[in-house]
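Note sheet for the following structure.
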Amino acid sequence: MNTWSITGYGGITKFFGDIKEYDFKLGEDEKLTGGWGLSINKQLSPIFGIQLTGYNGRLMGSKSRHYSTLSQETYKVSFNSPSFIQASIDGTVNLNRLLFGYNKLRRWKFDAHLGAGIIYYHTDLKATNTNPQSPDFGDVFEISTNTDGSSKTAGTWERNGSTYTREWVVPAGLAVHYELTPRFDIGVDFVYNYVNTEKMDATVGDLTDYKSQQGLWTFAKGDSKNDGWGFVGVALTYKLGKNAVMAKKGVYDAGSGRYHLRWADPKALIPVPYNPTMDDADSIAKANMPKPVDPRLYTDTDGDGVADLFDKEPNTPLGSVVSGGGVAMDLDKIIRDAIKNNLPKDECEALFSNIEFDTDKSIIRNASKETLSKVVELLNMRVNCRIVLVGHTDARASDSYNVALSRRRVDAAKRFLVRAGLQDPSRIIVEYYGELRPIAENTTVEGLQSNRRVEIKILPQNSLRSNYPAGFQR
């Protein structure tokens, strides 16, 4: 977040001390005075901040009747401080955020500020004796603080040939700002500055006599209060930082840019954790659910070992030997052609077939033995082929029992192939799944018989084992 800003001030100044006629009204010989200022602001949090503030301005005051207890004389007095300079460090508190939170008066900022600093000032005073009984009646006395007798309670500074007195000052005030744009704020600032001296107007209460200058250069104070000055002005703030943005109707978007800490609550920029309801979770799950898989990938209607999705002839007779595309083939003809050519083919054709078993048996039927014998003859001629035996059962026993039964069935088929003369038994791969991959429903006699099977897959040696999901389970 952005935290730095610069504020410029311009407005009216007013002196408060011994030489003034009214609090908020100009005296007879008093003119309207003004000043300007500049502050560099650092926002530490949405509520607290700190600023370095400087002012330059003019102060004037007048009093039609000032009485001196030292000389019992009365004077008409006016003074002018043509160009004072002040610098202070102030802390700020955002009152409306502190008292009302962040949802009320969102574009307003009420800052109370208090600080400490120094002020350099120079004063020229003119006093006219107004006592008709005095021999000095009508005489004019002028006093300037640019003398060796100037007050030096905190130090001096030579400026433009004049002696400027340095004193401590405590500014306190209230600033009201309104957020105009992401970069600019406008407002009004009210400040009263407590100065640690009673001599800004070259007068120490009724202890001062302007002819003799008694009570002016000493530290005698009497009933005189410390002087001060006030300021009421317009403030224009420029907010520094990159990608400045402002909230719209209290809504923050962290991705749109950088908000200024003068106005934004950092907590509002933290995304609220999303806790979906059951309906939300269900909607999200449905929206991200993958497209349904073609059910033909899981079914094998004719039980030839080729899923219907890839089966070009999905109604081949039971027990047929088929190609990788599910087309019925004459195994005898394939073997005769291989013998006739007297040489193994360079490529191995993918062939699929099933052999079935009786209930709870792993004994190969005679019809299946004839098929296996032809397979042995084909594999001995085509050494670039391998055979995969995949065992299955129906669902009429426990899972563990059926897995063991399917393993006995593929082991029986493997033993038959080896005993029938298969020259390289390492080309036999066995898999067994129990009841997990049925090709028919387990609710009919025909379905149970179809599921009690060993799939025979003749594949090229360089192909990966077929591992497609087959059938459905009930």
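The values are calculated or read from the model by the stated rules, or taken from the named source; none is laboratory data. Note that the structure is a prediction, hence the values are computed from the model and not measured. Cβ coordinates were reconstructed from backbone atoms using ideal geometry, including for glycine residues, and neighbour counts include every protein chain displayed. Each accessible area value is taken on the protein alone, full model and side chains, heavy atoms only, with ligands, DNA and RNA left out. Shrake-Rupley method; radii C 1.70, N 1.55, O 1.52, S 1.80 Å.
Do we find that S362 is closer than 21 Å to V445 by Cα and either part of a loop (DSSP other than H, G, I, E, B) or of a type in the set (F, W, Y) (or both) in this structure? Let's see the steps before the verdict.
Values: closer than 21 Å to V445 by Cα: yes; either part of a loop (DSSP other than H, G, I, E, B) or of a type in the set (F, W, Y) (or both): yes.
Judged against the criteria, S362 is a match.
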Residues of segment 185-217 being within 13 Å of F16 (Cα to Cα) and acidic (D, E), which ones?
E198, D201
Which residue, of L52, L26, L59, L38, is aliphatic (A, V, I, L, M), part of a strand (DSSP E or B) and farther than 30 Å from Y102 by Cβ?
L59
Is one or more of the residues making up segment 265-274 loosely packed, with under 14 Cβ neighbours inside 10 Å and modelled with pLDDT of 85 or more?
no
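Identify, from the list S68, S64, S81, the residue that is in contact (Cβ under 8 Å) with a residue 12 or more places away in the chain, surrounded by fewer than 16 Cβ atoms within 10 Å (Cβ to Cβ) and of a type in the set (S, T, Y).
Values: S68 fails: surrounded by fewer than 16 Cβ atoms within 10 Å (Cβ to Cβ); S81 fails: surrounded by fewer than 16 Cβ atoms within 10 Å (Cβ to Cβ).
Of the residues listed, the single one that is in contact (Cβ under 8 Å) with a residue 12 or more places away in the chain, surrounded by fewer than 16 Cβ atoms within 10 Å (Cβ to Cβ) and of a type in the set (S, T, Y) is S64.
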Going through (1) over 30 Å from V390 (Cα atoms); (2) open to solvent by 50 Å² or more (accessible area, probe 1.4 Å); (3) of a type outside the set (F, W, Y); (4) assigned to a loop (DSSP other than H, G, I, E, B) one by one, D282 fails only at (4)
Output the number of residues of segment 391-405 satisfying the condition of being touching a residue at least 60 places away in the same chain (Cβ under 8 Å) and over 12 Å from I439 (Cα atoms).
1
If L26 satisfies every condition in (1) surrounded by fewer than 16 Cβ atoms within 10 Å (Cβ to Cβ); (2) at pLDDT below 90 but one, which is the exception?
(1)
Restricting attention to segment 362-380, which residues are hydrophobic (A, V, I, L, M, F, W, C) and surrounded by 14 or more Cβ atoms within 10 Å (Cβ to Cβ)?
I364, L372, V375, V376, L378, L379
Tell me the residue from K199, K152 that is among the basic types (K, R), at pLDDT below 90 and open to solvent by less than 20 Å² (accessible area, probe 1.4 Å), please.
K199
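Quick one: in segment 90-142, of everything that is basic (K, R) and touching a strand residue (DSSP E or B) at 6+ places or on another chain (Cβ under 6 Å), which residue is least open to solvent (accessible area, probe 1.4 Å)?
Keep residues of segment 90-142 that are basic (K, R), which gives 97, 104, 106-107, 109, 126.
From what is left, the residues that are touching a strand residue (DSSP E or B) at 6+ places or on another chain (Cβ under 6 Å) are 107, 109, 126.
Working: R107: 90, K109: 1, K126: 101 Å².
For segment 90-142, the residue satisfying everything is K109.
One residue is enough: does segment 308-329 have a residue meeting the conditions part of a helix (DSSP H, G or I), open to solvent by less than 90 Å² (accessible area, probe 1.4 Å), within 19 Å of L389 (Cβ to Cβ) and modelled with pLDDT under 75? Steps first, please.
Our first condition is that a residue be part of a helix (DSSP H, G or I); within segment 308-329, this holds for none.
Taking every residue of segment 308-329 in turn, none turns out to be part of a helix (DSSP H, G or I), open to solvent by less than 90 Å² (accessible area, probe 1.4 Å), within 19 Å of L389 (Cβ to Cβ) and modelled with pLDDT under 75.
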